[in-house]
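Notes for the one structure printed next.
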Amino acid sequence: MFDLRLQAGTSRFLPGRTTSTWGANGAYLGPTLHASRGDKVRINVTNTLGEATTIHWHGMHLPARADGGPHQPIAPGATWSPTWTIDQPAATFWYHPHPHGETEDHVYRGLSGLFLIDDPQGRALPLPKRYGVDDLPVIIQDKRFRADGSLGGGKLGTDILINGTYDPHVDVGTQLVRFRLLNASSARSYDVGFTDDRAFDLIATDGGLLDVPYHLNRVPLSPGERAEIVAAFEPGERVALRSFQPDLGENFLPARFDGGDDTFDLLQVRAAGRLRGSAAVPARLAHHDVLNEAGAATTRRIRITSSSSIDGKSMDMGRIDQVVTVGTTEIWEVRNQTGSLHNFHVHDVQFKVLAWRGGPPPPYLAGWKDTVALPPGQSVRFLTRFSDYADPSTPYMFHCHLLRHEDEGSWASSSSCSRPRPPGSRRRTSTRADPPWSPSSCGGARLDALWGGTQESETISGSLQRPDGAEAA
């Protein structure tokens with residue numbers, strides 16, 4: 001069982017100045033949650049803030065009522081206690097607020113944290129796995145500070161925080177170090193490598209370990225994406241993780257406004273004079289079940305039509321936009337029809353990219369994904385399977401993960417059914433209290449059943465570890 005207390009506080013990021021922030025169990029960010037495949041988890045989320053919020057478990061496969069999307073608000077003073085059984089491979093996930101219209105503000109203030117899953121397959125591999133020693137979290141956020149230290153607005157920040165720390169460094173004592181990279185920024189994309197352009201092994205993406213490592217010197221990350229890399233160091237050396245100018249696929253002027261010309265040093269790595277030996281990264285990592293493209297039940301086509309709409313419609317909390325059938329595999333084709341960068345995130349499932357930007361996926365899109373960048377005019381084609389959880393009245397979300405776009409309405413909802421919708425079923429105009437599909441097609445629960453409520457179940461013990469972060473006042 002985990003307990004998260006959402007609270008306001010003050011943090012010291014810049015010398016001599018304090019900043020009002022939000023955090024979980026502290027002034028900024030939250031503890032790193034650890035669980036294993038097969039664990040039954042219960043998380044008690046208590047909101048001590050002055051306004052309602054939510055906590056979404058980004059990347060998790062779980063029942064819709066435990067997902068923490070905008071349909072599960074936590075009122076001030078209330079406690080929400082979702083429970084589910086972890087049934088997915090070892091991976092780096094994260095949690096963050098997801099209230100409709102307020103996501104960017106709540107995440108920007110500091111409500112985010114990592115959620116790490118392990119499994120027997122991952123534990124058996126000779127990879128760096130001593131968390132905080134040779135297995136390091138790297139939560140990347142951009143901020144804009146006013147002269148008095150308070151957080152300013154704006155699409156992109158001019159200062160970088162790593163794990164809530166400004167201008168950070170880390171001391172390492174092993175030859176190989178694993179970095180769990182998370183782009184927790186609102187809108188900024190990064191292209192992460194080292195200042196000396198050294199190569200590293202990409203071992204995992206959003207949904208977990210790859211089949212084999214890829215030897216790269218850059219890994220792009222749009223908001224919400226994760227990657228795990230393993231890098232080698234020499235005794236006594238210093239080198240920095242850096243974000244180089246990202247390829248946003250945009251024309252010159254919009255690229256400048258979206259950070260396409262920006263370079264930042266993220267984290268200086270300082271190697272000890274004597275380093276402990278590390279086992280080599282294995283040539284084979286994880287074995288995954290293979291989805292069969294030929295077995296896809298349908299192909300869905302989704303269009304990002306503006307910063308505030310998907311398929312020409314803005315978010316409506318009472319509308320269900322897509323209905324999927326549990327136990328089926330589907331192909332989704334998502335196209336960005338705008339002139340600026342977006343990305344695409346799907347709740348509950350991981351997917352395999354079949355094609356991206358008109359060609360085969362690059363190595364950093366070879367693994368399981370839940371979030372993918374979409375440059376203007378480009379598309380992604382992916383394969384995914386919907387399993388385990390049928391709930392026709394409680395929707396999952398799919399959306400652009402540039403947080404202001406979410407708030408402006410660039411997201412939509414899907415519900416899951418235990419059986420196909422009967423031929424000839426018609427969609428009906430929906431309100432918050434009137435489900436958009438007839439009871440005969442997808443269950444009889446009403447959308448107003450989504451609002452509020454607590455889920456109870458048995459609990460298990462878990463560990464809480466907080467990454468090094470801002471000094472709390």
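Laboratory data are not the source of any read-out in this text; all were calculated from the coordinates shown. Model, not experiment: these values are computed from the prediction. Glycine gets a Cβ as well: all are built from the backbone with ideal geometry, and neighbour counts include every protein chain shown.
Based on Cα positions only, what radius of gyration and what Dmax would you give for segment 2-122, in angstroms?
14.6, 47
For segment 180-215, list residues with backbone N below 14 Å from a point placed 7 Å from the Cα of residue 234 toward its Cβ?
196-199
Please report, in debye to the nearest 20, how large the charge dipole of segment 159-260 is about its Cα centre when each Lys and Arg carries +1 at its beta carbon and each Asp and Glu carries -1 there.
Value, rounded to 20: 100 debye.
When only DSSP loop residues count, what trypsin sites (Lys or Arg not before Pro) in segment 281-329 have their Cβ near at most 16 other Cβ atoms within 10 Å?
284
Under 13 Å from the Cβ of residue 210, count the other residues' Cβ atoms, weight Lys and Arg +1, Asp and Glu -1, and hand me the total.
Overall, the nearby charge balance is 0.
Treat every Asp and Glu Cβ in the chain as -1 and every Lys and Arg Cβ as +1, leave all other atoms uncharged, and give the resulting dipole magnitude about the Cα centre to the nearest 20 debye.
Magnitude of the dipole: close to 540 debye.
Looking at the square roots a ≥ b ≥ c of the eigenvalues of the Cα gyration tensor of segment 30-185, which shape do they give, rounded for a/c under 1.5, prolate if a/b is larger than b/c, or oblate?
Verdict is oblate for segment 30-185.
If you take the charge dipole of the chain about its Cα centre, with +1 on Lys and Arg Cβ and -1 on Asp and Glu Cβ, which of 64, 364, 307 is farthest toward its positive end?
Sorting the options by dipole projection puts first 64.
Per the Debye formula with a single identical scatterer at each Cα and no solvent contribution, what log10 I(q)/I(0) holds for the chain at q = 0.06, 0.07 Å⁻¹?
With no solvent term, the Cα-only Debye profile gives -0.24, -0.34.
If you plug each phi of segment 276-287 into the Karplus form 6.51 cos²θ - 1.76 cosθ + 1.60 with θ = phi - 60°, what whole-Hz ³J(HN,Hα) values come out, in order, with x for Gly and Pro?
So the J values, rounded to whole Hz, are 6, x, 10, 5, 5, 5, x, 6, 10, 10, 10, 9.
Could you tell me which of 6, 110, 327 has its Cα farthest along the dipole of the chain towards the positive end, charges placed at Cβ (Lys, Arg +1; Asp, Glu -1), taken about the Cα centre?
327
Just want the answer: with Cβ charges of +1 for Lys and Arg and -1 for Asp and Glu, which residue in 222, 415, 232 is farthest toward the dipole's positive end in the chain?
Of the candidates, 415 comes out farthest on the positive side.
Taking a 29 Å limit on the Cα-Cα distance, which of the listed pairs 313/352; 40/143; 155/369; 155/313; 129/155; 143/313 fall beyond it?
In this structure, 40/143; 129/155; 143/313 exceed 29 Å between Cα atoms.
Calculated FRET efficiency, residue 297 and residue 129, Cβ-Cβ r, R0 45 Å, to nearest 0.05?
Details: r = 38 Å, r/R0 = 0.85.
After rounding to 0.05, the efficiency reads 0.75.
Once the Cβ-Cβ distance between residue 283 and residue 261 is put in as r, and R0 is 35 Å, what FRET efficiency do you end up with, to the nearest 0.05?
Efficiency at R0 = 35 Å is approximately 0.35.
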